Amino acid sequence: MIEEITLTKRVQTPTPPNEWCYQDQGENYRYFTKRVLLGKDAEPWPECTDEEKKQWEEEHKEVTLIANKGCWLWRDHAEDVKREFYPSVSIPAQDEPLWHECTDMARIDYEAWWERQHPQPEPEPEPSPEPEPSPEPEQEQEGGEV
């Protein structure tokens, strides 16, 4: 059996002064388009001007930082979180001022300092296993075997 159905097409184009429709797809990715085909019950996409689009793209573009030879990149976290060191990172551009570079010796010094400030508890020694009792030798009964 073939059933004919009618599809409802809804096309959204930006309303001036807006020039773009957009949809966020994840934290640092936004899809921009001049025209979007909406389903029957879909909500309209937000709209923005060309200037707002450029500003968003500038704020969310990724940059790759590469440490100089023999150096490491790091950023501070909370005081109780150990720094992590990387030879390179890809990050949102607005996070670039949060990253710092240090020499390998500075990284080693920091890690030694961290270990002194946050000593790991000594592991409990494993209890030695109880020796298994040796089987008692069978004694012969007087009068020979039964």
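The values are calculated or read from the model by the stated rules, or taken from the named source; none is laboratory data. Small disclaimer: the values here were computed from a predicted structure and weren't measured. Please note: Cβ atoms are built from the backbone with ideal geometry, for glycine as well, and neighbour counts cover all protein chains shown. Side chains are part of the model used for accessible areas, which takes the heavy atoms of the whole protein and leaves out ligands, DNA and RNA. Shrake-Rupley method; radii C 1.70, N 1.55, O 1.52, S 1.80 Å.
If you plug the beta carbon distance of Ser88 and Asn28 into 1/(1 + (r/R0)^6) with R0 = 22 Å, you get a FRET efficiency near 0.75. With the helix formula -39500 (n - 2.57) applied to DSSP H stretches of n ≥ 4, the chain reaches a computed 222 nm mean residue ellipticity of -5500 deg cm²/dmol. Amide H contacts of Thr49 (H built 1.01 Å from N, in plane; Pro and chain starts excluded): Glu19 sit under 5 Å, all sequence-distant by 5 or more or on other chains. Partners of Lys40 within straight-line reach, counting lysines whose Cα lies under 26 Å from its Cα and excluding those fewer than 8 residues away in the same chain: Lys9. The share of accessible area on segment 5-146 that comes from carbon and sulfur is 50 percent, using a 1.4 angstrom probe. Relative to its residue count, the chain spans a Cα convex hull of 429 Å³ per residue.
Heavy-atom accessible surface of Tyr110, to the nearest 10 Å², is about 30 Å², with a 1.4 Å probe and all protein chains retained.
Name the residues of segment 85-126 whose amide N is less than 17 Å from a point 7 angstrom out from the Cα of Lys61 along the C-beta direction? Only 90-97 pass the distance filter.
Only lysines eight or more places from Lys54 in sequence, or on another chain, were considered; those with a Cα closer than 29 Å are Lys34.
Using only Cα atoms, find the angle between the long axis of helix 104-117 and the longest principal axis of the chain, and express it within 0 to 90 degrees, rounded to the nearest 10. Roughly 60 degrees between the two axes. Taking the chain as a Gaussian network of alpha-carbon nodes connected by springs under 10 Å, the highest mean-square fluctuation of the residues Asp41, Asp109, Asp24 belongs to Asp41. Using the Cβ-Cβ distance between Lys69 and Arg116 with R0 = 30 Å, the FRET efficiency computed as 1/(1 + (r/R0)^6) comes to roughly 0.55. Note that segment 24-35 has calculated 3J(HN,Hα) couplings of 6, 10, x, 5, 10, 9, 10, 8, 10, 8, 8, 7 Hz, one per residue in order, obtained from phi through the Karplus relation 6.51 cos²θ - 1.76 cosθ + 1.60 (θ = phi - 60°); glycine and proline are x.
Solvent-accessible area per residue in the chain equals 87 Å², computed with a 1.4 angstrom probe and all protein chains kept.
Surface listing: Leu7, Leu65 arranged by accessible area from highest to lowest gives Leu7, Leu65, probe 1.4 Å. Placing a label point 7 Å from the Cα of Lys54 along the Cα-to-Cβ line, the residues of segment 74-111 whose backbone N sits under 20 Å from it are 93-94. Dividing the mean sequence gap of close Cα pairs (under 8 Å, 6+ apart) by how many residues segment 1-121 holds gives a relative contact order of 19 percent.
By how many degrees, 0 to 90 and rounded to 10, does the Cα axis of helix 50-60 deviate from the longest principal axis of the chain? The angle comes out at about 10 degrees.
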